[in-house]
Each structure stands twice: as C-alpha cells, then as structure tokens.
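Chemist: Next up is a structure, given as structure tokens.
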Amino acid sequence: MPWRGLVAELSLSEQIDAQIRAAGPISLATYMGLCLSHPRHGYYAAGRPIGAKGDFITAPEISQMFGELVGFFVVNLWQQMGSPLSFTLLELGPGRGTLMADALRAASKADGFENALHLQLFESNANLKAEQEKRLGKHHPYWAPEIDIVSDDPLFVVANEFFDALPVRQFVRAADGWHERLVGLRDGQRAFGLSPTPIANDAVPEELRGAQPGEVLELATAATDAMQRLARKVAVQGGAILAIDYGYARTQTGETLQAVRNHAFADPLAAPGQTDLSAHVNFAVLGETARATGLAVAPLATQGEFLLRLGIGERAKALARANPNEAANIARAVERLTAPEQMGTLFKVLCAHSPGLKPAGF
Ligand SMILES: C[S@@+](CC[C@H](N)C(=O)[O-])C[C@H]1O[C@@H](n2cnc3c(N)ncnc32)[C@H](O)[C@@H]1O
C-alpha cells in the first residue's frame, strides 16, 4: 500500500478542531494540555523554547549565579539533615540543564555531596532531554517517567518555572454561579465560550464565593496534584521542595493565562502547539497542599529576597573580581533577577520542607 505514507498527519490545530466538531467544546485545561503536551505536536514535546532564539529566557539562563545559589541552598539542607550518604535531587522541567549544572558545580565542593547524590530529572521534551544529557551526563541522571517515581532516600525537589506550565481550568462568575470557560468553534474559528451549567458552589474556594459577576477564577488542578504527590514522598522520606515561579501569594480572582511566542505576547487560540501557554501559580494552594501532607512551609519569599538573602550580592562581587571585563553584565544580571520592577517581585519562592529543617533564604 505505497500511498499510505502519503496520507498527511493532521496538524494539532486540525486535530483539536475535529475533536470539538465531534464531541463539543473542550475545557481550557484540556486545550492547554493538548497544546503543551500532545506527544507529537505539543509545545513541550518538541521544539527549543528557551533562549534568545526560542520564545523566552529563564532565570538560570540569565546568570550562573541563580543555579549556584540553588546549589548552596540544597547543600545547606542536606548538611542540616546530617549529610545522608544517599539522597535524591529531582528537578522538574530542567529546561536546558543550566540551573542544575550550575547548582551541582557549586554544591559538589561540599565534602561527600557528589558521592551521595542520585540525580533525577522529569522532562517531556526530547530536545531538552538531549541538552540535559550534554550538561548533566557526568552526574548520571535518571529521567523519571512519572513525577513521583523516586527511591526511598531523602528527597530534594527543585522546580523553576515548571508549575506555571501545567494546565489550568478557568471559571467566570455570572449571576447564577461560576461557569467553566471552554474552547469551541464559532464560524469555523476557535473561540472562547462558557459552559451553560454552573459548577457547584462548594467547588469554589471559600474566600471567593462572594465574587462579582465577570470575575475569573483559575484552578490549577495539575499543579496541585503534582505538589501533593511529591509532598507525600518528602513527608515520609525527609527533605524539601523548592518551587520558583511567577505567581500570587493569596487565592484571588483574575485571569493570568498568557501566550508567548518569539518573546512577545500572542493569541492563545491562534497556533496550538507553537505558542507557550502558561498561567500564574497560586502559591497559597501549593503551600496548603504541602502542609496537608505534614510538611512545614516557609513564609513565601520573593525571588529578589531569596537571592539577596542567599548572598547574590557577594557572589556577584567575587565573579566581577575574577572577570573584570564582565562586571557590567554581572551587575545587569543581578538587577534583572532581583529588582522589583524586573523578576524580583513577580517571581516568588516556595519551600515546603520536613519540620525541623531551616531553609536558607526565607
Ligand atoms: C518554562 S520551562 C523552564 C525550564 C527550566 N526550569 C529553566 O528555568 O530554564 C518548563 C520546563 O518544564 C518542562 N515541562 C513542561 N511541561 C511538562 C510536563 N507536563 N512534563 C514534564 N516536563 C514538562 C519543559 O519541557 C521545560 O523543560
């Protein structure tokens, strides 16, 4: 059947539109899940999203100082636990492997750390996995097929800009309750609409039940599920979870879904699988989820506070002394990572940890 190979595979746009035609509008979370994680065409299944030639730049790509300070943070907790002879360090969504490479270069200076380390990575993108292998291969990483397949030893989890990449559901308040936002077709074009039936009021966080018509609520069920699965492991095995992301400290209404392509905002419905879709992280819910498993949660810090308390100022001075030609770039990087009008305030840092540990930087 030689013609079989000539049958073109449907694009992700065509597949989504066909699904909507066949079974009706889909939730925003289903749409985001297909756009981000479709095994062949999802944004995070292939492509090279990060870096000057990609769609966005992340903190570890701005400066080596970011990963180095995360490395010191992990070493400090490992030492507080009595420097266990075996532990797992798991990174969620390690991107190009830059954060972990910088962290391990710094952390490996601590006696016994490298020998005790089992490095584990959770990543869906084949191109990024190859980059991680290039930068981290010497630490013999294991790529986990599931988020919580880890051994039983103490566990440290690091996630920079991972939770924002998970699908969210949105609900819009109307006179008769909260209606889920759906993606459907209008005149053959993808368009947002609302489910005709409101959800039960007790599915809405208590503090938002008096919201006004038109207000938008986001529920990040995938992020909550990921936090719960990991926190349960850490609660039993000892350790900590460090999550750095853009987001908000208290449950609130407001639409934060954003689409980014080539370093510019884009239409989230226009090019499924070719545009980065993300939503701000609700740190209140992530913290409550971890606390419910028995972990302690440090008071939420801004990224600026966290990095300054960990000593980014001193590290920048030392780097500038060693590389005087780079001094201006290093100062610019500190500004970009910590200044309130740049990444310093929008990005927040959550640490859920075994009771008794005192995480640095909070
Ligand atoms: C915004 S990037 C951040 C990358 C890196 N942490 C950094 O700071 O540069 C999100 C990362 O999470 C990965 N990722 C997104 N969704 C995922 C999923 N459902 N499962 C596994 N990895 C995922 C992406 O491929 C990418 O490595």
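The values are calculated or read from the model by the stated rules, or taken from the named source; none is laboratory data. Just so it is clear, the model here is predicted, and its values are computed rather than measured. Cβ sites come from the backbone with ideal geometry, for glycine too, and all protein chains shown count toward neighbours. Each accessible area value is taken on the protein alone, full model and side chains, heavy atoms only, with ligands, DNA and RNA left out. Shrake-Rupley method; radii C 1.70, N 1.55, O 1.52, S 1.80 Å.
Chemist: So which residues in the range 62-102 are open to solvent by less than 10 Å² (accessible area, probe 1.4 Å), within 16 Å of the ligand (Cβ to nearest atom) and β-branched (Val, Ile, Thr), if there are any at all?
Modeler: Of everything in the range 62-102, those that are open to solvent by less than 10 Å² (accessible area, probe 1.4 Å), within 16 Å of the ligand (Cβ to nearest atom) and β-branched (Val, Ile, Thr) turn out to be Val70, Val74.
Chemist: Looking at the range 273-282, which of its residues are away from the ligand (no atom under 15 Å from the Cβ) and over 12 Å from the mean Cα position of the chain (by Cα)? Working first, answer last.
Modeler: Restricting attention to the range 273-282, the residues satisfying the condition of being away from the ligand (no atom under 15 Å from the Cβ) are 282.
Matches in the range 273-282: none.
Chemist: Right, something else. Out of the residues in the range 216-239 that are buried (at least 16 other Cβ atoms within 10 Å of the Cβ) and in contact with a Lys or Arg (Cβ under 9 Å, 6 or more places away or on another chain), state the one that is farthest from Leu295 (Cα to Cα).
Modeler: Per the criteria, the residue is Val216.
Chemist: Can I ask one more? Could you run through the range 151-162 and say how many residues are open to solvent by 10 Å² or more (accessible area, probe 1.4 Å), in contact with a strand residue (DSSP E or B) (Cβ under 7 Å, 6 or more places away or on another chain) and either more than 12 Å from the ligand (Cβ to nearest atom) or hydrophobic (A, V, I, L, M, F, W, C) (or both)?
Modeler: Going residue by residue through the range 151-162, those that are open to solvent by 10 Å² or more (accessible area, probe 1.4 Å) are 151-154, 160-162.
Among the residues that remain, those that are also in contact with a strand residue (DSSP E or B) (Cβ under 7 Å, 6 or more places away or on another chain) are: 151, 153-154, 160-162.
Next, from what is left, pick out any that are either more than 12 Å from the ligand (Cβ to nearest atom) or hydrophobic (A, V, I, L, M, F, W, C) (or both): 151, 153-154, 162.
The total comes to 4.
Chemist: In the range 37-61, what residues are surrounded by 19 or more Cβ atoms within 10 Å (Cβ to Cβ) and either of a type in the set (Asp, Glu) or over 16 Å from Lys129 (Cβ atoms) (or both)?
Modeler: Hits for the range 37-61 are His41, Asp55, Thr58, Ala59, Pro60.
Chemist: Determine whether Ala279 is crowded, with 17+ Cβ neighbours inside 10 Å and touching a Leu at 6+ places or on another chain (Cβ under 9 Å). Walk me through it before giving the result.
Modeler: Working: crowded, with 17+ Cβ neighbours inside 10 Å: yes; touching a Leu at 6+ places or on another chain (Cβ under 9 Å): yes.
Here the answer is yes, as Ala279 does meet what is asked.
Chemist: When residues of the range 16-50 are filtered for being over 21 Å from Phe163 (Cβ atoms) and either in the same structural domain as Ala271 (by TED's automatic domain parsing) or outside any helix (DSSP H, G or I) (or both), how many remain? Show your work before the answer.
Modeler: The first filter runs over the range 16-50 and keeps only residues over 21 Å from Phe163 (Cβ atoms), leaving 16-26, 39-41, 46, 48.
Still in the list and also either in the same structural domain as Ala271 (by TED's automatic domain parsing) or outside any helix (DSSP H, G or I) (or both): 24-26, 39-41, 46, 48.
Result for the range 16-50: 8.
Chemist: Any idea which of Ala191, Ala243, Ala159 is outside the structural domain of Ser83 (by TED's automatic domain parsing) and part of a strand (DSSP E or B)? Step through it out loud before you land on a result.
Modeler: Values: Ala243 fails: outside the structural domain of Ser83 (by TED's automatic domain parsing); Ala159 fails: outside the structural domain of Ser83 (by TED's automatic domain parsing).
Just one listed residue meets the conditions, Ala191.
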